[in-house]
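Colleague: Handing you a structure now.
The values are calculated or read from the model by the stated rules, or taken from the named source; none is laboratory data. Here the structure is a predicted model, which means the values were calculated and not measured. Don't worry about glycine lacking a Cβ; one is built from the backbone with ideal geometry, like all the others, and counts go over all protein chains shown. For accessibility, only protein heavy atoms count, side chains too; no ligands or nucleic acids. Shrake-Rupley method; radii C 1.70, N 1.55, O 1.52, S 1.80 Å.
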Amino acid sequence: MSAPSRRPKGRPPGRRRLRNRPRNRRASDSGSPGTLRIGVATSDNGPPAASGARGEPSLAARTEDALERAAAINRRVQSPDCRGPLFGLPVAVKDNIAVRGLPSTSGSALLRDYRAPYDATVVTRLRQAGAIILGTANLDEFGMGSSTTRGFRGPTRNPVDPTRITGGSSGGPAAAVAAGAVPAALGTDTGGSVRQPAAHCGIFAIRPTYGRVSRYGITAYASSFDQVGCLATDLRVLGHVLSQIAGGDPRDATSVSRKVPDFAAAAARPELPRRIVTVGDADLEVLDAPSQRAFHAAVGRFEEAGCEIRRIGLPNPESSVAAYYLLACAEASSNLSRFDGIRYGHRRAGQESLPTTFRESRTQGFGTEVRRRILLGTTVLSRGYRDAIYGAATEARRQITARVLSAFDHGALLLLPITKVPPRHLADPVPATADYDGDRFTILAALAGVPAIAVPAGERSGLPFGVELMAPPWNEAALFSAAAAFSAIPSAAARRSRSPSPGAAGVR
Amino acid sequence: MQYETVIGLEVHVQLHTRSKMFCGCPADYQAAEPNTRTCPVCLGLPGALPVINRRAVEYTVLTGLALNCRIPEFTKFDRKNYPYPDLMKGYQISQYDLPLALDGFLEIDGDTQLGLGRRRIGVERVHLEEDVAKLQHFPGEGYSLVDVNRSGVPLMEVVSKPDMRSAEEARQYLTLLHSIVQYLGVSTGNMQDGNFRCDANVSIRPVGSQILGTRTEVKNMNSFRAVYQALEYEVVRQREVIEDGGAVVQETRGWIEEREVTVSQRSKEYAHDYRYFPEPDLPPLRIGPERVAELAAELPEFAPQRSARFQADLALSGYDADLLAGSRSMANYFETTLTLAATAKEVANWMLGDLARLLNQDHREIDASPVTPQRLADLLALVADGTLSTSLAKTVLEEMYATGGEPADIVREQGLGQISDTGAIEAAVAEAIAANPKAVADYISGKDTAARFLMGQVMRLTKGQAQPELALRLVQEGLELQKTRGSLEP
């Protein structure tokens, strides 16, 4: 679904002021049929399903289905039967998360006609809380990308500036939330795929500790990196969603049975950490000048609010990127082997030998970036390379993890940039290879398995700018509290002009 | 030139668990309609994840212990990557460098023809993996069918060291391994059903050489006999190749039962690169020494030891003892029947004789016998107290087998009790004598065997219920009386 076509008069085209973004109400808030209002808004804007008003897809909605469910839930809302905070809440999920009966394409032509015959555990848990799965949202193919331009349905536009990309790979969920179509969305984060589009769209997003949320029903990209992430404009909604979907799952042997804290409560308890550990200027040189200034401003906000700032060198940046991509592609090359056209998905037409059928079905079905990463990963695992490359990358991961964990002393949280430059224009020439180095900040949390939250931190160059906070494993609560506190700190400019911050969406 | 044979065996044993290896689907796929034992996990659908079947791990550890293996504290699963239509995920979850059991052995009697005595055949490793789907080919039709029921069934692989020196030794090893997995109850071990599959690696080398010759892999042997014949054939084939001046090609060869030959299937010049790496969806397992000790305590007495005990304590012949101890259910049945006050020799005879015959006709295992140990013991008691003759008891046994009834009930219902009433038998004797004057004449003229003939007639007339010894005695008495009368008559 594209950005709502209301554009305030008198404003320069192609930009939307952040403060005009609609607030999302909980269904139980006003007693009014809030859920139906959103459903109606969707159908007012034109035909539902894959294409929005301008033909750019970000949300494939089963609107009639959702409307029926919303109506049913609305009937219950009026009765004392109404349950928890997610009751009636419409949620969009990334198109690599299985929703029974809906297309589950992972953005790939190979799975164009594939429908999930079962629900992912996170979907089941959302349903159990009475949330409504509005539909699936666009992504880069199989999660491989940072732009949400590489899916077979095409690119998703940034609601803040529709001439620009959203970032990726969870660009669809980010856009749906940023555009106000849904108050919350689920994405997946393998190397930053939930945090980076959140930063580009000016919303919150959390990547939980590895093992916090079940991966059952998530089309795997890199198994030891993938985690379901949540996106929202409201920190407490974010917290409610994470608390609901988190928790051990007997269907996922890598999930951990550990008591799930009330993250919404943590969001309602703003608390800054005593110490912020961040990187020095040398590591920030990769950012463009406005981004550097914006990051310094964010650090400044923490400092002025009383946090002790400690600066370290970014742990092994070049080897981190290399280790991440080598390991992720290795795992991906294996995870994607199941797509052979034999039982489901695209199969090469006509009768040919088995090797030809395998090879051509996959070549026809997969996009360029996916094929590139599969070949890379296959090479990494091949005889003669495996010990030298996969082995070395595994060892590098161990060392990087140790370095990241050692930064969390004395209750410190890590503060890092997310992006190097603003989101590019869709019309810009497409780079031949994805910018792997652009992930250099976000991959650390994925390598180490620690939780990380993307927090809106103002604008730079007129576009949203976000930073990420990282915490030791299982301490997402500290991230919620710190994000809440940070968002409540007025920026220096705002204090100067004595007007409410145009920055991050407020926390209620 | 004398050649030495070098044989190693890889045996895949399907484990008798309730569920599959990595999902909750029922593992009993044999009788099911195609593609009815499936779920997202064993179908390899996007988003599906494996979870470990604990019982399968325990069964594998038990087998490792029974094979005298070392059970390492840490074990893990790995992905074995290769594309094939019977492999749902494009990789098989198996074990690579940290298998569940290592460095074990089995003791066999050795090939006496080679002058080898009792010795150990090394077991390299025992590991756990998942089975693949079943393909059905229709040559010339242009399609094949996939049945996913078998995909994900737990498979235990036992890899021997190349220590066997003849087809005979391979047969012994296989038989013993088969007996062990049956005894443990970890598998039904049925080669015909595909529960127990054997592949062999065969090579030959000049006697005294320490270097291994080029080996071939022999597959498609579907019975113990086939293994024996295939290995014998392959050794001869390799020797002929070398003696003709050629070299053995490293390849996979299939055993063709109908033609009794091995045929080249594909060249094994380069092994597949399976790109093994640790399975990221499954955490490594720690099997602590305490758990290993608990499992070791569960090991039963295996066939060789049980047979030895039957021979020593119960004075059974080696042949009978081996047969009775051959399967755990047979041995258990035997010992249970003994506790119900029967003698070992009697039970052994009946079990290995008539009961075995009835079971074999139906291809039934003793577990499925309608004749329970209790009923067998009861039947033997009726023979012991004279109620039934042995031959009548056989008839009763057949009835028991057919109907599942109690022996006493059958005897009563059919009036089969042995007749030991002299008067009743005498009537039959008189009738037999009157009806067979020639036999009587034969007896009088000195042919003692005629008495037996007449006894047979008496048995027939009493529907086999006359007590045989009594019948014979009365026949003889009757005939003597005839002799006396005859000599008295002018």
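Colleague: Given segment A:156-212, what whole percent of its Cα pairs are spread farther than 18 Å?
Modeller: 23
Colleague: Related question: Tell me whether segment B:49-200 comes out rounded, prolate or oblate; compute the Cα gyration tensor, take square roots of the eigenvalues as a ≥ b ≥ c, and use a/c under 1.5 as the rounded threshold.
Modeller: Oblate.
Colleague: Would you check the accessible area of residue A:465, probe 1.4 Å, heavy atoms only, in square angstrom rounded to 10?
Modeller: For residue A:465, solvent-accessible area is about 0 Å².
Colleague: Could you work out the relative contact order of segment B:1-112, using alpha carbon pairs under 8 angstrom and six or more residues apart, expressed as a whole percent?
Modeller: The value is 21 percent.
Colleague: If you don't mind, another one. Going 7 Å from the Cα of residue A:349 along its beta-carbon direction, which residues of segment A:91-120 have the amide nitrogen within less than 18 Å of the resulting point?
Modeller: Residues passing the 18 Å test: A:109-113.
Colleague: State the volume of the convex hull built on the alpha-carbon positions of segment A:299-387, expressed per residue in Å³ and rounded to an integer.
Modeller: On the way: hull volume 14.6 nm³, N = 89.
Considering the Cα atoms of segment A:299-387, their hull volume per residue is 164 Å³.
Colleague: Run through all the Cα pairs of segment A:274-340 and give the fraction in each 5 Å bin from 0, expressed as whole percent.
Modeller: Per 5 Å bin, starting at 0, the Cα pair percentages come out as 4, 14, 16, 16, 13, 10, 9, 8, 6, 3, 1, 0.
Colleague: Do any residues of segment B:37-83 lose at least 40 Å² of accessible area when the full set of protein chains is present rather than just their chain alone, and if so which, with a 1.4 Å probe?
Modeller: B:40, B:45, B:46, B:47, B:49, B:51
Colleague: Okay, moving on. Starting from the Cα-Cα distance between residue B:240 and residue B:10, subtract it from 0.36 nm times their residue separation and give me the gain in nm to one decimal.
Modeller: 80.3 nm
Colleague: If you don't mind, another one. Quick one: length gained pulling residue B:224 to residue B:374 fully straight, 0.36 nm per residue minus the C-alpha distance?
Modeller: Working: separation 150, 0.36 × 150 = 54.00 nm, distance 3.38 nm.
So the chain would gain 50.6 nm between residue B:224 and residue B:374.
Colleague: What is the gain in length, in nm to one decimal, between residue B:214 and residue B:247 on full extension, counting 0.36 nm per residue of separation less the C-alpha to C-alpha distance?
Modeller: That pair, residue B:214 and residue B:247, stretches by 11.0 nm at full extension.
Colleague: Could you give the Stokes-Einstein D for chain B in µm² per second, using the C-alpha Kirkwood radius, 37 °C, 0.692 mPa s? Before the final figure, lay out the partial values.
Modeller: Numbers: Rh = 27.1 Å.
Here the translational diffusion coefficient equals 121 µm²/s.
Colleague: In Å², rounded to the nearest 100, what is the total accessible surface buried by chains B and A against each other with a 1.4 Å probe?
Modeller: When B and A are taken together, about 2700 Å² of accessible area is lost.
Colleague: Oh, and also: Where the centroid of each part is defined by its Cα atoms, how far is segment B:326-368 from segment B:285-302 in Å?
Modeller: 30
Colleague: Moving to a separate point now. Using Stokes-Einstein with the Kirkwood hydrodynamic radius over Cα pairs, what translational diffusion coefficient do you get for the protein assembly as shown at 37 °C and a viscosity of 0.692 mPa s, in µm²/s rounded to a whole number?
Modeller: Approximately 97 µm²/s, per Stokes-Einstein.
Colleague: Once the Cα gyration tensor of segment A:312-465 is diagonalised, what are the square roots of 5 times its eigenvalues, in whole Å and ordered largest first, as equivalent ellipsoid semi-axes?
Modeller: 35, 23, 13
Colleague: Another question, if that's okay. Pop a pseudo-label 7 angstrom from the Cα along the beta-carbon direction at both residue B:188 and residue B:205 and give the gap in nm to one decimal.
Modeller: The answer from the label model is 4.1 nm.
Colleague: First measure r as the distance between the Cβ atoms of residue B:385 and residue B:293, then evaluate 1/(1 + (r/R0)^6) with R0 = 56 Å and state the FRET efficiency to the nearest 0.05.
Modeller: Once the sixth-power term is evaluated, E becomes 0.70.
Colleague: Sticking with this structure for a sec: Debye sum, Cα scatterers, segment A:172-256, no solvent: what log₁₀ I/I(0) at q = 0.19, 0.25 1/Å?
Modeller: For the requested q values the scattering log ratios are -0.77, -1.19.
Colleague: Distance between Cα centroids, segment A:339-412 to segment A:209-263: provide it in whole Å.
Modeller: 23
Colleague: Can you give me the relative contact order of segment A:70-212 as a percent, contacts being Cα pairs under 8 Å and 6 or more apart?
Modeller: Over segment A:70-212, the number comes to 21 percent.
Colleague: In nm, give the distance between the simple-model label positions of residue A:405 and residue A:112, each being 7 Å from the Cα along the Cα-to-Cβ direction.
Modeller: 4.7
Colleague: Segment B:301-368: which trypsin sites (Lys or Arg not before Pro) are DSSP loop and have at most 14 other beta-carbon atoms within 10 angstrom?
Modeller: Those satisfying the criteria are B:364.
Colleague: Let me know the whole percent of all Cα-Cα pairs from segment B:17-74 that are separated by more than 17 Å.
Modeller: Percentage above 17 Å: 51.
Colleague: Under a crude label model (7 Å from the Cα following the beta-carbon direction), how far is residue A:128 from residue B:136 in nanometres?
Modeller: According to this spin-label approximation, the distance is 4.0 nm.
Colleague: By its C-alpha gyration tensor, with a ≥ b ≥ c as the square roots of the eigenvalues, how is segment A:72-182 shaped: rounded for a/c under 1.5, else prolate for a/b larger than b/c, else oblate?
Modeller: oblate
Colleague: Tell me the carbon and sulfur percent of the accessible area for segment A:129-169, rounded to whole percent, probe radius 1.4 Å.
Modeller: C and S atoms contribute 49 percent here.
Colleague: Ok, one more. If you take the square roots of the eigenvalues of the alpha-carbon gyration tensor of segment A:235-305 and sort them as a ≥ b ≥ c, do you get rounded (a/c under 1.5), prolate (a/b over b/c) or oblate?
Modeller: prolate
Colleague: As a test of the formula, what do you get for the protein assembly as shown when each DSSP H run with n ≥ 4 contributes -39,500 (n - 2.57) and the sum is divided by the residue count, at 222 nm and rounded to the nearest 500 deg cm²/dmol?
Modeller: Working: 33 runs with 371 residues, N = 998.
Helices in the protein assembly as shown give a 222 nm mean residue ellipticity of -11500 deg cm²/dmol.
Colleague: Skip the ligands, DNA and RNA, and give the accessible area per residue of the protein assembly as shown with a 1.4 Å probe, whole Å².
Modeller: 42
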